[in-house]
Every structure is written in C-alpha cells, then in structure tokens.
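Here it is, the structure, as structure tokens.
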Amino acid sequence: MLTENLQRVRERMQRACAHVGRDPASLLLVGVTKGRTAEQVREALACGLTELGENRVQEAQEKITALSGASARWHLIGHLQRNKVKRAVELFQVIQSVDSFALAEALEKQMDARAQDILEVFVQVNVSGEATKFGCTPDEAPMLAQHVAALPHLRVRGFMTIAPLVDDPESARPIFRRLRELRDTVNGAFQLSMGMSHDFDVAIEEGADCIRVGTALFGA
Ligand SMILES: *Cc1c(COP(=O)(O)O)cnc(C)c1O
C-alpha cells in the first residue's frame, strides 16, 4: 500500500509543479511517521523515503532506537519543550518548530556542549493566527530569523507553517502565499516548509520547498 501511496503522492507533486512551471526535483518530501510503528518506518525507508518527521521527542526516540542503524534524516515538526532540547538534538537533524529565541538559545547551548557543528532549523510562523497553533507571529518572524541565524551552531533553512485544517485546500492558499511573501522580504534564499496531505498541491503552487506528508502515505 505504501508503494502505491508514494506513487500517488509523487504524481500529485509533479502535477502541482507542472501547473506553475516548477521542477519536482527541487521539492523535499518529508514522510510524517507519527503514530506509525517502527515496522512502517522501516517499510518507508525501503521505499526510498529518507527524510522523516515526528512531532514528539519521546515517540521519536522509541522508534529511532528500535530502528538502530537505519539511516534517515529526522525532522522534528511538533512543538519542542525546553526540557526535551537535549534529547531532541541527539535524535533530530532538523528542528522545524523553532518559535522563540529562548528555544533557539537552548538548542545552541546543547549543540555547543555536544561539540556538534550544525543543526538545521526552520522558524515556525503562525500565519493563520489560530490560538491553538504554535509559532511566532509574522511580525516577529524577520527579527527572530535574524537572531537565530546569528547563533553559530544553528543554520536557518527557512520558515515553516501549518495551515488551518479546512475541507477546501484552496482556502489555505492565502496562508501559504503570505508565508512566501514574508520569505521574499526577509531572505530570498530561505526555504518554505508548508503543505500536508490534503493541501500540499496548493502549497507547492505557492512555493513550498518542503512538504510534510503523513496520511496520504500511510493511510488514515
Ligand atoms: C501530522 C503532521 C503533518 C502530516 O499531516 P498529514 O495530514 O497526515 O499529512 C505535517 N506537519 C505537522 C506539523 C504535523 O503535525
């Protein structure tokens, strides 16, 4: 089932790219494995997915430990609590949910202590302004990105956002567009991590570089 789902996701990616004249090879597909078993993760790796996302440190740790030796790049896509920072830098190569300078500083401190060179991060922006979502405000984003970029062990890859869950993916378009416009004013080289199973087509049309896909790959 995963093989066919992956095929379908890749076709959707290609179609969305074709709509706007983008090269599908420039897109990063992160397979979101939260709620899936280590066995399913192994299957995903066998299908050629190499970048995987989890939203909880504890759950990721159990899986990554169970998979010992399998090579993958792990992205943390959920909120990171300060007391989990140490474990997070041990497990993840990319933290997509940096939403405050205090968190960035805590990550920097851990990276320095581990004598590790670079942790890749995205600054999470709460574009929709929903109270239930984490992320800095769009107004705070330029300054936060600038401050995080000055930390020697952190490399800012770009901005991440989560659009509101709505039936019609078209209604997420203004959210994606707003993040792209923000990126254009802050740093044209920043990547955009946006788009999930139901709305990644629209996100790609609006400039997503990284999409995070769970249910479209692994089922509901
Ligand atoms: C769960 C999750 C996803 C994947 O969602 P699907 O709708 O299953 O594709 C993407 N991003 C974040 C931040 C998530 O928590």
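So Arg36 ticks every box in (1) surrounded by fewer than 20 Cβ atoms within 10 Å (Cβ to Cβ); (2) more than 15 Å from the chain's Cα centre (by Cα); (3) within 13 Å of the ligand (Cβ to nearest atom) but one. Which box is left unticked?
Looking at each condition in turn, Arg36 falls short on (1).
Has region 170-182 got at least one residue that is in contact with a His (Cβ under 9 Å, 6 or more places away or on another chain) and either modelled with pLDDT of 95 or more or within 16 Å of the ligand (Cβ to nearest atom) (or both)?
Yes, some residue in region 170-182 is in contact with a His (Cβ under 9 Å, 6 or more places away or on another chain) and either modelled with pLDDT of 95 or more or within 16 Å of the ligand (Cβ to nearest atom) (or both).
When you check Gly207 against the structure, is it touching a strand residue (DSSP E or B) at 6+ places or on another chain (Cβ under 8 Å) and either hydroxyl-bearing (Ser, Thr, Tyr) or within 13 Å of the ligand (Cβ to nearest atom) (or both), yes or no? Spell out the reasoning first.
Values: touching a strand residue (DSSP E or B) at 6+ places or on another chain (Cβ under 8 Å): yes; either hydroxyl-bearing (Ser, Thr, Tyr) or within 13 Å of the ligand (Cβ to nearest atom) (or both): no.
Considered against the rule, which asks whether it is touching a strand residue (DSSP E or B) at 6+ places or on another chain (Cβ under 8 Å) and either hydroxyl-bearing (Ser, Thr, Tyr) or within 13 Å of the ligand (Cβ to nearest atom) (or both), Gly207 comes out as no.
Name the residues in region 178-189 that are buried (at least 21 other Cβ atoms within 10 Å of the Cβ) and within 16 Å of the chain's Cα centre (by Cα), would you?
Result: Leu179, Arg183.
Ok, one more. Please enumerate the residues belonging to region 154-178 that are part of a loop (DSSP other than H, G, I, E, B) and of a type in the set (Gly, Ala, Ser).
Hit for region 154-178 is Ala163, nothing else.
Using the structure shown, decide if Arg12 is away from the ligand (no atom under 16 Å from the Cβ), in contact (Cβ under 8 Å) with a residue 24 or more places away in the chain and either touching a Ser or Thr at 6+ places or on another chain (Cβ under 7 Å) or among the charged types (D, E, K, R) (or both).
Numbers: away from the ligand (no atom under 16 Å from the Cβ): no; in contact (Cβ under 8 Å) with a residue 24 or more places away in the chain: yes; either touching a Ser or Thr at 6+ places or on another chain (Cβ under 7 Å) or among the charged types (D, E, K, R) (or both): yes.
No, not satisfied.
Follow-up question, since we're still on this one. Just for region 179-201: of the residues that are of a type outside the set (S, T, N, Q), touching a residue at least 40 places away in the same chain (Cβ under 8 Å) and assigned to a helix (DSSP H, G or I), which one is nearest to Ala145 (Cα to Cα)?
Restricting to residues being of a type outside the set (S, T, N, Q), touching a residue at least 40 places away in the same chain (Cβ under 8 Å) and assigned to a helix (DSSP H, G or I), the top hit is Val186.
Condition first: out of contact with any Leu (no Cβ under 8 Å at 6 or more places or on another chain) and within 12 Å of the ligand (Cβ to nearest atom). Now tell me which residues in region 53-75 satisfy that.
Matches in region 53-75: Arg56, Glu59.
The values are calculated or read from the model by the stated rules, or taken from the named source; none is laboratory data. Please read all numbers here as calculations on a predicted model, not as lab measurements. Every residue, glycine among them, receives a Cβ derived from its backbone with ideal geometry; neighbour counts consider all protein chains shown.
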